[in-house]
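**Q** Below you'll find the structure I mean.
What follows draws every value from the coordinates through simple rules; no lab data is involved. Only a predicted model underlies this, so the values are computations on that prediction, with no experimental measurement involved. FYI the Cβ positions are ideal-geometry reconstructions off the backbone, even for glycines, and counts take in every protein chain you see.
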Amino acid sequence: MEKVFISNNEAETAQIAAKLAKITKRGDVWALSGTLGMGKSVFARGFIQALTAAEEVPSPTFTLVQNYYTDEFDIYHYDLYRLKDAAEIFELGVEEAFYEGVCLVEWPEKMGSFAPRNMWQVEFISQGETRKITIRSVDEEKTRRLAHV
């Protein structure tokens, strides 16, 4: 299943992310794909702020991962842009994060064959001044959750 959203600005991207944050569960990995400047970090910020009291949500461009805490699970925000080899993801603690937390992964293609098969796919495409945000899942349970957004 796929669901398409059109965002006219950063505030709308954050609102879309907040809606999706409400359906997330422990073990969800959100793969955020798109070229530079498409809104991946804005989406991650809106998602995280919908679930936590975090006022500041910096991009993990240099730290590669930022952690946030909720009562139900930890949130891990990864930016893998600077990885040189897919195996480097294990140095970032992804095994525990993928199973015990909720993960937002910018540049998920950098994980190569180590990427979880059951990720939410979130694709950002420019359409002039707007962004087309497509959410995909092949998992039946996730498809049911997505239908309620």
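**Q** Scan the stretch 65-90 for residues that are in a loop (DSSP other than H, G, I, E, B) and loosely packed, with under 13 Cβ neighbours inside 10 Å and jot them down.
**A** Our first condition is that a residue be in a loop (DSSP other than H, G, I, E, B); within the stretch 65-90, this holds for 70-73, 80-85.
Of everything in the stretch 65-90, those that are in a loop (DSSP other than H, G, I, E, B) and loosely packed, with under 13 Cβ neighbours inside 10 Å turn out to be D71, E72, R82, K84, D85.
**Q** Related question: Please work out which residue is nearest to R82 (Cα to Cα), limiting yourself to the stretch 9-40 and to residues that are among the hydroxyl-bearing types (S, T, Y) and buried (at least 21 other Cβ atoms within 10 Å of the Cβ).
**A** Restricting to residues being among the hydroxyl-bearing types (S, T, Y) and buried (at least 21 other Cβ atoms within 10 Å of the Cβ), the top hit is T13.
**Q** Could you list all residues from the stretch 1-33 that are closer than 22 Å to T143 by Cβ and in a loop (DSSP other than H, G, I, E, B)?
**A** M1, K22, I23, T24, K25, R26, G27, D28
**Q** Let me ask something else. How about the stretch 127-146: which of its residues are within 24 Å of P116 (Cα to Cα) and not charged (D, E, K, R)?
**A** Of everything in the stretch 127-146, those that are within 24 Å of P116 (Cα to Cα) and not charged (D, E, K, R) turn out to be I133, T134, I135, S137, V138, T143, L146.
**Q** Let me ask something else. Counting only residues that are buried (at least 19 other Cβ atoms within 10 Å of the Cβ), aliphatic (A, V, I, L, M) and out of contact with any Asp or Glu (no Cβ under 8 Å at 6 or more places or on another chain), which one in the stretch 41-64 is nearest to I75 (Cα to Cα)? Lay out the reasoning, then the answer.
**A** Filtering the stretch 41-64 down to residues buried (at least 19 other Cβ atoms within 10 Å of the Cβ) leaves 41-48, 51, 57, 60.
In the following step, the residues that additionally are aliphatic (A, V, I, L, M) were identified as 42, 44, 48, 51, 57.
With out of contact with any Asp or Glu (no Cβ under 8 Å at 6 or more places or on another chain) added as a condition, the list becomes 48, 51, 57.
Working: I48: 8, L51: 9, V57: 12 Å.
Going through the qualifying residues, I end up with I48.
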